[in-house]
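**Student:** Got a structure here, written out as structure tokens. Questions coming.
The values are calculated or read from the model by the stated rules, or taken from the named source; none is laboratory data. From a predicted model like this one, the values you see are computed outputs, not experimental measurements. All Cβ positions, glycine included, derive from the backbone under ideal geometry; neighbour counts span all protein chains shown. Accessible surface is based on the protein model in full, side chains and every heavy atom, while ligands, DNA and RNA are left aside. Shrake-Rupley method; radii C 1.70, N 1.55, O 1.52, S 1.80 Å.
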Amino acid sequence: MLQAIAPAPVSSPVSPVKSVMPWMAEPRMPLSEAAPYTVLSAQELYPRICVRDPYFALKDVTVLPGEVVARVPVQMAPGAEAMPLGLGEAGRHLAILGSCGAALVAPKDGQHFYLASAARGQWLKPSAQERATDMLWALAQAEYTGKRTCTARTLLSSSDGTPLFRLEVDYNVLSAAAFARLFGEARQEMRREPRPADTVQRTPEEWAKLRQNPYSKPLDLRDFQADGDSLRSSLVVTPELCKGHFAMHPVMPVAVVAGGMTRMATTLGRDLERNAEARFVAKDVKLSADSLAYAGQTVVFGARRTRVRGADHTFACTASVGERVVAQLDVTYTRVD
């Protein structure tokens with residue numbers, strides 16, 4: 001059973017094993033051989049889960065008996081969600097930690113792409129809360145359910161160990177070769193021009209732009225169109241929106257797509273409630289992700305309120321590229337103020 005409070009991580013040395021990812025100069029040992037209470041460095045994890053910073057933002061990812069634990073930063077204001085962090089960001093961190101757990105129990109060591117295909121979650125605190133100012137805790141247990149599928153059970157807790165959000169994530173697991181075959185059309189040369197020399201003088205604003213984390217602000221959704229109980233908007237995916245997901249193949253993370261859909265739901269909720277300051281707390285969420293949106297494509301987001309029962313509002317949300325459905329989300333929010 002997942003526990004709510006994590007022990008203080010203790011560092012342990014890690015030995016080498018072969019890897020061919022460009023950001024890993026030295027081989028490392030199989031993660032399955034990591035001893036309990038080993039803190040896994042980013043360099044240990046990046047080559048195996050195939051995502052990196054800034055999309056990966058977990059701190060002190062630590063091996064425990066049968067699970068992994070990490071500290072979780074809150075990087076984005078939750079907006080209309082009266083929660084310590086928004087559902088999209090919570091899903092982002094938990095899905096990444098789940099892939100770390102899956103890498104620990106992978107039948108074969110090496111590079112694997114963990115593509116979230118479905119998720120089911122419950123928010124465990126019904127009352128309104130403000131944005132968290134401290135690091136949160138997350139735990140994950142993972143198991144392979146087939147040769148190329150696995151499931152992670154995750155739990156997000158407050159800094160004092162109070163459980164906040166439970167999320168179960170299903171993944172399709174691809175080798176690097178299989179990913180390249182399936183998503184070759186998404187490949188882009190990410191450095192068409194050389195980086196500026198270190199001697200270039202820049203203003204503080206220019207430096208801030210260079211260091212910008214696209215996951216610290218909501219998507220710039222545009223062209224909102226309301227129609228009764230429905231709302232639509234669109235977004236052009238840029239490589240900037242896909243930083244760290246994946247190397248040389250910029251595709252929009254499913255968790256970020258989910259964040260766009262939850263924003264559509266709460267925006268629609270405010271419109272239908274005729275209150276631009278209304279806030280909501282999530283109850284249940286169910287996600288399916290059938291494909292990915294590539295840099296250069298336009299994603300159309302849609303939300304429709306399907307039921308109102310007292311303060312509870314249920315929404316059916318979609319994200320599509322043309323006729324192709326990228327993801328669908330069913331979510332229930334409770335209006336709290």
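**Student:** Among residues belonging to the stretch 125-153 that are out of contact with any Gly (no Cβ under 6 Å at 6 or more places or on another chain) and among the small types (Gly, Ala, Ser), point out the one that is least open to solvent (accessible area, probe 1.4 Å).
**Tutor:** 138
**Student:** From 298, 306, 266, grab the single residue that is β-branched (Val, Ile, Thr), more than 20 Å from residue 76 (Cα to Cα) and touching an Asp or Glu at 6+ places or on another chain (Cβ under 9 Å). Break it down stepwise before answering.
**Tutor:** On the way: 298 fails: touching an Asp or Glu at 6+ places or on another chain (Cβ under 9 Å); 266 fails: more than 20 Å from residue 76 (Cα to Cα).
Unique residue meeting the criteria: 306.
**Student:** Kindly establish whether residue 263 is touching a residue at least 40 places away in the same chain (Cβ under 8 Å), part of a strand (DSSP E or B) and not β-branched (Val, Ile, Thr).
**Tutor:** The answer is no for residue 263.
**Student:** If only one of 65, 78, 54 is under 22 Å from residue 134 (Cβ atoms) and surrounded by fewer than 22 Cβ atoms within 10 Å (Cβ to Cβ), which one is it?
**Tutor:** Answer to the check: 54.
**Student:** With (1) touching a helix residue (DSSP H, G or I) at 6+ places or on another chain (Cβ under 7 Å); (2) more than 20 Å from residue 281 (Cα to Cα) as the list, and residue 144 as the residue in question, which single condition is left unmet?
**Tutor:** Residue 144 satisfies all of (1) touching a helix residue (DSSP H, G or I) at 6+ places or on another chain (Cβ under 7 Å); (2) more than 20 Å from residue 281 (Cα to Cα) except (1).
**Student:** When you look at residue 238, is it β-branched (Val, Ile, Thr), open to solvent by 20 Å² or more (accessible area, probe 1.4 Å), at pLDDT below 95 and over 19 Å from residue 94 (Cβ atoms), yes or no?
**Tutor:** Yes.
Residues checked against (1) among the aliphatic types (A, V, I, L, M); (2) open to solvent by less than 10 Å² (accessible area, probe 1.4 Å); (3) out of contact with any Gly (no Cβ under 6 Å at 6 or more places or on another chain):
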position: 290; (1), (2), (3): no, no, yes
position: 307; (1), (2), (3): no, no, yes
position: 311; (1), (2), (3): yes, no, yes
position: 315; (1), (2), (3): no, yes, yes
position: 327; (1), (2), (3): yes, yes, yes
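**Student:** Then there's this: If a residue must be open to solvent by less than 40 Å² (accessible area, probe 1.4 Å) and either of a type in the set (Val, Ile, Thr) or touching a residue at least 60 places away in the same chain (Cβ under 8 Å) (or both), how many such residues does the stretch 268-287 contain?
**Tutor:** The qualifying residues number 7.
**Student:** All but one of (1) over 24 Å from residue 214 (Cα atoms); (2) in contact (Cβ under 8 Å) with a residue 60 or more places away in the chain; (3) open to solvent by less than 10 Å² (accessible area, probe 1.4 Å) hold for residue 98; state the number of the condition that does not hold.
**Tutor:** Condition not satisfied by residue 98: (1).
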